[in-house]
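All of the numbers you see were taken from the coordinates with simple rules; none came from a lab. Since we're looking at a predicted model, the values are computed, not measured. Cβ atoms come from the backbone with ideal geometry, glycine included; neighbour counts cover every protein chain shown.
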Amino acid sequence: MNDQRVGSAFRAVRIKRGWRQTDVARRARVSDGIVSLIERGHLERVSVTAFRRVAAVLEIRAEVSVSLPHGELERLLNAGHSAMPEIVAAYFGSLPGWVHAPEVSFSIYGERGVIDVLAFHPSTGSLLVIELKTELVSLEDLLMTMDVRLRHATKIALERGWHAKTVSAWVLFAESATNHRRVAAHRSVLRAAFAQDGRSMRAWLQSPTGAVRALSSWSVRRLATNGQTLAQRRQVRVREAAGKCSQSAA
């Protein structure tokens, strides 16, 4: 967060409303000095409570963003993240002609990260970088993360003996009302970066041609144990996930 930019934004909104710092302070039940500190970018000297009060008065939505490079923080925080690789791996295991590897780590030219699933179609040389998101938090982080992975994907694949002719991307986010709202809020930007949806991806996976960029939802609902074997449960999950991917693609 750029403190100076935040302060400038608060000041601009106040002036647009035609208020003095005193007017904001009175409405927010804080001192004039607090408003002045915020507008000058000295946020370290302002309590969270006072900051929120001033933001509320100005009808400014202020959020704190916490992140680590390459999406590592999301892996630490999202306990449900481990369910998605299992389902996606089972799905790719059922696709003819594809090989895949989960949790592929890399460190190239100082850029590090972990590709959730790296899939390769040897007969066409199609490489697919899959990013799994249980929760869509930061659009900027997602775009930066995918940029890093796609730039290094060919080299990463070559280390596994995979000679890629094309590199594609598929971002899969867990199906939830919150995630769908966030996708809808940034639909134009996301579709510019990831033009294909789940339905088109399923068709592409059957006969991969050229490079694609896709974004779609994926069901990670847990199925009740009812005496089925693990293999049977995985098959059910795969069919359900594939169906959801086509029916509720973003």
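Side notes on the structure shown:
- Selection status of ALA195, free of Cβ contacts under 8 Å to residues at least 24 places away in the same chain and within 25 Å of LEU139 (Cβ to Cβ): yes
- Per-region count, region 173-191, residues in contact with a helix residue (DSSP H, G or I) (Cβ under 7 Å, 6 or more places away or on another chain) and touching a residue at least 60 places away in the same chain (Cβ under 8 Å): 5
- Residues located in region 26-52, provided they are in contact with a helix residue (DSSP H, G or I) (Cβ under 7 Å, 6 or more places away or on another chain), free of Cβ contacts under 8 Å to residues at least 12 places away in the same chain and of a type in the set (A, V, I, L, M): LEU37
- First in region 118-139 and on the phi > 0 side of the Ramachandran plot, second anywhere and assigned to a strand (DSSP E or B), Cβ under 8 Å, 6 or more apart: GLY125/THR166
- Residue in region 27-66 that is nearest to the chain's Cα centre (by Cα), counting only those that are closer than 12 Å to VAL6 by Cβ and of a type in the set (Val, Ile, Thr): VAL64
- Within region 96-134, tally of residues that are part of a loop (DSSP other than H, G, I, E, B) and in contact with a Leu (Cβ under 8 Å, 6 or more places away or on another chain): 1
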